[in-house]
1. Pick out, from the range 18-71, the strands (runs of 3 or more DSSP E) lying fully within it that include 3 or more residues that are within 20 Å of LEU82 (Cβ to Cβ) and of a type in the set (Gly, Ala, Ser).
2. What about GLN8, is it loosely packed, with under 14 Cβ neighbours inside 10 Å, at pLDDT below 95 and out of contact with any strand residue (DSSP E or B) (no Cβ under 7 Å at 6 or more places or on another chain)?
3. How about the range 81-90: which of its residues are in contact with a Ser or Thr (Cβ under 8 Å, 6 or more places away or on another chain) and surrounded by 15 or more Cβ atoms within 10 Å (Cβ to Cβ)?
4. What pairs can you find where one residue is in the range 63-80 and over 16 Å from PRO18 (Cβ atoms), the other is assigned to a strand (DSSP E or B) and among the hydroxyl-bearing types (Ser, Thr, Tyr), and their Cβ atoms are less than 8 Å apart, with a gap of 6+ or different chains?
5. Go through the range 49-80 and report how many residues are of a type outside the set (S, T, N, Q), open to solvent by 40 Å² or more (accessible area, probe 1.4 Å) and closer than 16 Å to ARG35 by Cβ.
6. For the range 16-75, how many residues are in contact with a strand residue (DSSP E or B) (Cβ under 8 Å, 6 or more places away or on another chain) and within 20 Å of PRO90 (Cβ to Cβ)?
7. Name the residues in the range 22-37 that are closer than 14 Å to LEU59 by Cβ and open to solvent by 40 Å² or more (accessible area, probe 1.4 Å), would you?
Amino acid sequence: MEGLPATQLLTTPGKALPLGATVHPAGVQFASFSRHATSVSLLLFDDPQDTEPSEEIVLDPWKNRTGDIWHIFVHGLGPGQLYLYRVDGP
């Protein structure tokens with residue numbers, strides 16, 4: 001299992017395309033373009049009113065980056081999952 005040690009979510013590196021969040025029977029594929037990002041985290045939320053994420057998955061630039069595309073597959077997620085990215089860089 002990859003991702004943060006505290007998470008119970010199973011993640012795999014995913015693929016660079018298609019961009020966006022793509023629902024599959026086994027989970028959700030996330031891919032986002034950022035030419036200058038130095039780090040990317042995927043934040044998952046349980047409710048639109050939440051101010052803190054229920055999960056934060058830090059993407060590994062060696063495993064979860066292809067060129068300028070950051071990507072990850074999160075098993076067990078489905079349609080309607082609330083998420084955002086935290087991106088650092090110039």
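1. Working: elements: 20-24, 27-33, 39-45, 55-58.
So the answer is 27-33.
2. Values: loosely packed, with under 14 Cβ neighbours inside 10 Å: yes; at pLDDT below 95: yes; out of contact with any strand residue (DSSP E or B) (no Cβ under 7 Å at 6 or more places or on another chain): yes.
Considered against the rule, which asks whether it is loosely packed, with under 14 Cβ neighbours inside 10 Å, at pLDDT below 95 and out of contact with any strand residue (DSSP E or B) (no Cβ under 7 Å at 6 or more places or on another chain), GLN8 comes out as yes.
3. Within the range 81-90, VAL87 is the sole residue that qualifies.
4. Pairs that qualify, where the first residue is over 16 Å from PRO18 (Cβ atoms) and the partner is assigned to a strand (DSSP E or B) and among the hydroxyl-bearing types (Ser, Thr, Tyr), are HIS75/THR11; HIS75/THR12.
5. 4
6. Selection size over the range 16-75: 16.
7. Hit for the range 22-37 is PHE33, nothing else.
The values are calculated or read from the model by the stated rules, or taken from the named source; none is laboratory data. If you're wondering where the values come from, they're calculated on a predicted model, not measured in any experiment. Heads up, the Cβs are rebuilt from the backbone with ideal geometry, glycines too, and the neighbour counts pull from every protein chain shown. With ligands, DNA and RNA removed, areas are computed over all heavy atoms of the protein, side chains included. Shrake-Rupley method; radii C 1.70, N 1.55, O 1.52, S 1.80 Å.
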